[in-house]
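Comments concern the structure below.
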Amino acid sequence: MPRLKLHSQILLGIVVGIILGLTLGERATLLAPIGKAFIALLKMLIMPLILASIVMGIVSIGDARNLGRLGAKTFVYYLTTTFLATFIGLALVNLLKPGVGISLGTPGPPPTHGSPPSLLSIIMDMIPSNIFRALAQDKVLSTILFSILLGSALNATRERSAPLITLFDAFNEVMMKLTQWIMALAPLGVLALMATTVGKLGLSVFKPLALYMLTVLAGLGIHAILILPLLLTLLGRYSPRRFFQAMLSALATAFSTASSAATLPVTMECLEKEARIPNQVVSFVVPLGATVNMDGTALYEAVAALFIAQAYGVTLTLPQQLTVSLTATLASIGAAAIPGAGLVTMVIVLKAVNLPVEGIGMILAVDRILDMCRTTVNVWGDACGSAIIARLEGLLPSNATKEV
Ligand code: ASP
C-alpha cells in the first residue's frame, strides 16, 4: 500500500482526533501528554533554529542595503495585511451583528494574566542584555535582533570569520533535519491535541455563541481564501493552490497547536523545502512574522470587541471603530505566538474604546477553537508574505512555482 504523504497523515490525525474527542469526551484528555510532548519537541527547535537560520539568512543577503529593502517591504506587508484583516472583521460584525440581543447574564471571570505590556516595553524588551538568558527564556524578538546583528558582523568580517559561517551553515542544515524527524511525529501529536481539545469542550458550548463564531470564521475565511491568495497571485505570481499544498503540514500544525511559535519550525521547513522560497527571505520574514504579524488575531480582536460592545448595547461610532482597528493591529503585534495570547491583549482594544474588560469572560468558552483558526490564518499570512517578498526582491527561483 502506498504510504500517505505527511500532510495527508496530519489531516487524518486531525479527523481521527476529533472523532475520538467526540466519542470519548473528557476521557480523551488521557491523550494530553502525547500532545504536550509533541509541542515541547517543536518548542525545543525554535530558538536554535531561529539563531542558525537568521544568521545564515543575513549572511546570504550580504549587503546591508538589501537587508534594509527587505525589512521595509516586510514591514509594509505586515502592516497593510493586518489592517486589511481588521477592516474585514469590522465590516462583517457590523453586517451580521452577532452581539445584538444577546443577553449578557453574568459574564465569567476575565483572564487573570495581568495587564498587557506597552508598546515601548515590547521594544525595550527586544534588546537582550544577555543573549544566553534570552535564548534560555525563549525570547524570540531578542534572539531575532541578536541573530541579525551577528549575521551582519559575520558579513563585515567575511574572510576572517569564514569558519564560523561554515559552522552556522552546517548547524542550520542539522536543525532542518531535526525538524523533519520531529515532523514525522506530527500525525500522532496532532491527533492527541485534537482529541483532548474536542473532548474537553464538547459541542454544547458552541450553541449560544454560534453567530459570533460564524462572524469570526467568515472574516478569517475571506482574508485567507480571498485576500491573501489574491495578493499571492498578483504580487507573488505564485499559484495559491500549489502554495497551499506546499504549506498544508504547517497549516494543520498551526490549527492543532494554536501556536504560531510552536509551528515555526514546520512553517520554515514547508516554505524552504516544499514551496522553495529561499532561506534568506524565509529566515527573516517568517520568525519575525510569527511573532508580530498576526492577521487572524487582529481580525478576531476587532470582531470580538464589537461583539462585546453590541452585547452591552453600546454603539461605537466610526472613529471609535477606527480606534478598534488600530488598537487591534497593535494588540496583535504585541500578542505572543502562543495559545490564548490574543484574548489577553484584547484588553488593549477594549480599554481604548471604554468597553468593560469583563466582556472577555463571555467569549472564553469558545476561544480555543477560534484560536486554532486564527493561528492558522496567522501562519498563512506569514507564509504568503515570504513568497510575495521573495518575488518582489527577485529572489524566487524560476522553478519554484508555476506562473499564473
Ligand atoms: N495563538 C495565536 C498564535 O499563536 C495568538 C492568539 O492567541 O491569537 O498565533
### Task
Please turn the phi angles of the range 230-244 into ³J(HN,Hα) values with the Karplus equation 6.51 cos²θ - 1.76 cosθ + 1.60 (θ = phi - 60°), one per residue in order, whole Hz, x for glycine and proline.
5, 5, 4, 6, 6, 8, x, 6, 10, 5, x, 5, 5, 5, 4
#### Entry: Ala210-Ala32 pseudo-label distance in nm [points 7 Å out on the Cα-to-Cβ vector]
3.0
## Note on the structure
Once phi for every residue in the range 21-26 is put through the Karplus expression 6.51 cos²θ - 1.76 cosθ + 1.60 (θ = phi - 60°), the whole-Hz ³J(HN,Hα) values, with Gly and Pro written as x, are x, 5, 7, 8, x, 3
### Query
Excluding same-chain residues fewer than 8 positions from Lys273, which aspartates and glutamates have a Cα within less than 19 Å of its Cα?
Asp169, Glu173, Asp382, Glu403
### Query
What does the accessible area of Arg69 come to, in Å² to the nearest 10, when a probe of 1.4 Å is used?
110
### Query
Zone of Leu24 (label point 7 Å along Cα→Cβ, backbone N under 18 Å): which residues in the range 191-233?
191-203
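Under the 0.36 nm per residue contour assumption, what length would be gained going from the current alpha-carbon distance of Ser8 and Leu164 to full extension? Don't skip to the answer; put the middle values down first.
On the way: separation 156, 0.36 × 156 = 56.16 nm, distance 3.90 nm.
Between Ser8 and Leu164, full extension yields an extra 52.3 nm.
Can you show me the helix-derived [θ] at 222 nm for the chain, built from DSSP H runs with n ≥ 4 at -39,500 (n - 2.57) apiece and divided by the number of residues, rounded to the nearest 500.
Numbers: 18 runs with 288 residues, N = 404.
Using -39500 (n - 2.57) per qualifying helix, the result is -23500 deg cm²/dmol.
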#### Entry: the chain - percent relative contact order, Cα under 8 Å, separation 6 or more
32
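Calculate, in nm to one decimal, what Thr80 and Ile123 gain on full extension: separation in residues at 0.36 nm each, minus their alpha carbon distance.
Details: separation 43, 0.36 × 43 = 15.48 nm, distance 2.05 nm.
Working it through step by step, the gained length comes to 13.4 nm.
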### Message
Under the rule of at least 5 residues apart or a separate chain, name every residue whose amide H is placed under 5 Å from the amide H of Asn293.
### Response
none
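Just reorder Arg133, Arg391, Arg374 by solvent-accessible area, largest first, 1.4 Å probe, all chains present.
Output order, biggest surface exposure first: Arg133, Arg391, Arg374.
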### Query
Roughly how tilted is helix 210-221, in degrees to the nearest 10 and between 0 and 90, from the longest Cα axis of the chain?
30
### Message
Cβ neighbours within 10 Å, averaged per peptide: list 273-279, 173-179, 186-192 in order, most packed at the top.
### Response
186-192, 273-279, 173-179
### Task
Quick one: which residues, 5+ away or cross-chain, put their amide H under 5 Å from the amide H of Lys97? H built at 1.01 Å from N.
none
### Message
Modelling each spin label as a point 7 Å along the Cα-to-Cβ direction, I'd like the Val357/Met44 distance in nm, to one decimal.
### Response
3.8
### Query
Taking Cα pairs under 8 Å and at least six residues apart, what relative contact order does the range 237-288 come out at, in percent?
33
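Can you give me the % of accessible surface on the range 281-344 that is carbon or sulfur? Probe 1.4 Å, all protein chains present, nothing else counted. Could you put the intermediate results ahead of the total?
Details: 1190 of 1580 Å².
Roughly 75 percent, rounded to a whole number.
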### Message
For the full complex of protein chains and a 1.4 angstrom probe, list Phe87, Phe171, Phe75 by accessible area with the highest value first.
### Response
Phe75, Phe87, Phe171
## Note on the structure
Given the candidates Val349, Ile277, Ile308, the one whose Cα lies deepest towards the positive end of the charge dipole of the chain, counting +1 at each Lys or Arg C-beta and -1 at each Asp or Glu C-beta, is Ile277
### Query
In the range 315-404, which GluC sites (Glu not before Pro) fall in coil by DSSP and have 13 or fewer other Cβ atoms within 10 Å?
Glu403
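The values are calculated or read from the model by the stated rules, or taken from the named source; none is laboratory data. As the structure is a computational prediction, the values presented were derived from the model and not from experiment. Note that we place each Cβ from the backbone using ideal geometry, even for glycine, and neighbour counts take in every protein chain shown. Protein only, heavy atoms only, side chains kept; ligands, DNA and RNA dropped before computing areas. Shrake-Rupley method; radii C 1.70, N 1.55, O 1.52, S 1.80 Å.
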